[in-house]
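The values are calculated or read from the model by the stated rules, or taken from the named source; none is laboratory data. Treat the numbers as computed from the prediction; the structure is a model and nothing was measured. Backbone-built Cβ (ideal geometry, glycine too); neighbour counts: all protein chains shown. Ligands, DNA and RNA are stripped out before the accessible areas are found, and what is left, the full protein with its side chains, is counted by its heavy atoms. Shrake-Rupley method; radii C 1.70, N 1.55, O 1.52, S 1.80 Å.
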Amino acid sequence: MRRILIAGNWKMNVIDNILPVARAAEENRVDVAVFPPFVYLERIINELKGSKVVVGAQNMHHQESGPYTGETSPKFLLEMNVKHVIIGHSERRHVFKESDEEISLKMKKALSLNMNPILCVGETESERLSNKHKSSVENQLKIGLGGIENNLKNIIIAYEPVWAIGTGNTATPNDAEEMHSFIREQISYIFGRNVASEMIVLYGGSVNEENVKDLLRKDNIDGALVGGASLKGDKFAKIIEIGGKTNI
Ligand code: PEP
């Protein structure tokens with residue numbers, strides 16, 4: 001039985017008020033996670049002490065130490081008890097030119113340390129317009145998940161069409177469901193049916209309190225990775241509340 005997960009990716013921003021989020025996580029039967037910038041992790045962990053909200057990181061390096069100026073070791077995250085980590089967000093792929101191979105190394109490292117990586121996949125607008133959206137996502141999954149054998153239960157997938165991120169253009173619930181079902185099918189080719197039926201697959205791309213309900217109603221959409229709308233505590237709490245209602 002998959003449980004709804006509502007996750008907030010703050011990118012290079014900080015939420016205005018975390019209290020409504022902690023309250024909503026307490027009052028609703030739903031998993032909640034937030035992903036602050038690295039330098040705020042400790043502060044947010046302290047502010048959320050005793051709450052049900054999980055605090056994760058937006059990225060990590062695939063090595064544990066070494067000459068990698070500006071990078072963050074997964075070991076540093078674990079020292080703070082941060083186990084959830086977003087891997088291969090579209091901004092990492094497209095703005096910072098992270099390759100599928102680099103993303104694969106990060107996935108392997110995170111799982112070897114028993115962390116919970118959220119692997120982001122999604123097609124660009126031109127790939128969708130030229131009907132290459134499925135092959136693009138298939139390729140990202142094959143490389144991102146290839147060669148992984150351990151801790152499969154820790155893996156979370158986020159389908160985030162690049163054209164929908166930060167644009168206000170959400171995928172329609174039907175289009176999103178079509179891709180989620182395709183993704184689950186690909187996971188079953190890679191890891192088998194049982195693993196695929198248990199794996200959480202989030203949708204991300206301009207999710208807000210108005211569109212989240214229709215997305216979460218779909219069979220293969222198990223939650224949302226929310227960017228912009230996770231920065232206002234009240235709005236994000238509303239999304240969590242809707243997630244809790246969908247879960248029942
Ligand atoms: C994201 O950052 O993963 C995201 C989906 O952003 P937004 O909700 O703002 O589109």
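If I ask for residues that are within 16 Å of the ligand (Cβ to nearest atom) and assigned to a helix (DSSP H, G or I), which ones from segment 169-182 would you list? Correct list: Pro173, Asp175, Ala176, Met179, His180.
Report every pair of residues separated by at least 6 positions or lying on different chains whose Cβ atoms are under 7 Å apart, first residue within segment 159-186 and in contact (Cβ under 8 Å) with a residue 40 or more places away in the chain and small (Gly, Ala, Ser), second part of a helix (DSSP H, G or I) and open to solvent by 20 Å² or more (accessible area, probe 1.4 Å). Pairs that qualify, where the first residue is in contact (Cβ under 8 Å) with a residue 40 or more places away in the chain and small (Gly, Ala, Ser) and the partner is part of a helix (DSSP H, G or I) and open to solvent by 20 Å² or more (accessible area, probe 1.4 Å), are Gly166/Gly228. Any idea which residue in segment 141-168 is nearest to Gly204 (Cα to Cα), counting only those that are in a helix (DSSP H, G or I) and away from the ligand (no atom under 15 Å from the Cβ)? Among those residues, the one meeting the criterion is Leu141. Just one of the listed residues (Glu98, Glu123, Glu91) is acidic (Asp, Glu), out of contact with any Ser or Thr (no Cβ under 9 Å at 6 or more places or on another chain), crowded, with 18+ Cβ neighbours inside 10 Å and part of a loop (DSSP other than H, G, I, E, B), and it is Glu98.
Within segment 69-119, restricting attention to residues that are touching a Lys or Arg at 6+ places or on another chain (Cβ under 6 Å) and among the aliphatic types (A, V, I, L, M), the residue that is farthest from Val162 (Cα to Cα) is Met115. Screening the candidates Gly243, Gly205, Gly192, Gly233 for the property of being more than 12 Å from the ligand (Cβ to nearest atom), on the phi > 0 side of the Ramachandran plot and modelled with pLDDT of 95 or more yields one hit, Gly192. Within segment 54-72, being farther than 20 Å from Ile6 by Cβ, of a type outside the set (S, T, N, Q) and touching a helix residue (DSSP H, G or I) at 6+ places or on another chain (Cβ under 9 Å) holds for Met60, His61, His62, Glu64.
For segment 183-235, a residue qualifies if it is of a type in the set (Phe, Trp, Tyr) and open to solvent by 10 Å² or more (accessible area, probe 1.4 Å), and the qualifying residues are Tyr189, Phe191. Residues that are within 21 Å of Lys108 (Cβ to Cβ) number at least 3 in the following helices (runs of 4 or more DSSP H) confined to segment 1-80: 74-79. Here is the figure for segment 24-47: residues that are in contact (Cβ under 8 Å) with a residue 60 or more places away in the chain and surrounded by 15 or more Cβ atoms within 10 Å (Cβ to Cβ) total 7.
The set of residues in segment 212-239 being in a helix (DSSP H, G or I) and more than 18 Å from Ile86 (Cβ to Cβ) consists of Val212, Lys213, Asp214, Leu215, Leu216, Gly233, Asp234, Lys235, Ala237, Lys238. Screening Lys75 against (1) under 23 Å from Asn151 (Cβ atoms); (2) open to solvent by less than 40 Å² (accessible area, probe 1.4 Å); (3) not hydrophobic (A, V, I, L, M, F, W, C) leaves a single unmet condition, (2). Looking across Asn116, Asn139, Asn154, Asn174, one residue alone is open to solvent by 10 Å² or more (accessible area, probe 1.4 Å), more than 27 Å from Val212 (Cα to Cα) and not aliphatic (A, V, I, L, M). It is Asn139. For first residues located in segment 222-248 and farther than 11 Å from Val212 by Cα and among the hydroxyl-bearing types (Ser, Thr, Tyr), partners that are within 15 Å of the ligand (Cβ to nearest atom) and modelled with pLDDT of 95 or more and lie 6+ apart or on another chain with Cβ distances below 6 Å form the pairs Ser230/Gly8; Ser230/Phe236.
May I ask you to verify whether Asn9 is out of contact with any Cys (no Cβ under 8 Å at 6 or more places or on another chain), polar (S, T, N, Q), within 21 Å of Ala224 (Cβ to Cβ) and open to solvent by 50 Å² or more (accessible area, probe 1.4 Å)? So Asn9 does not fit the description; no.
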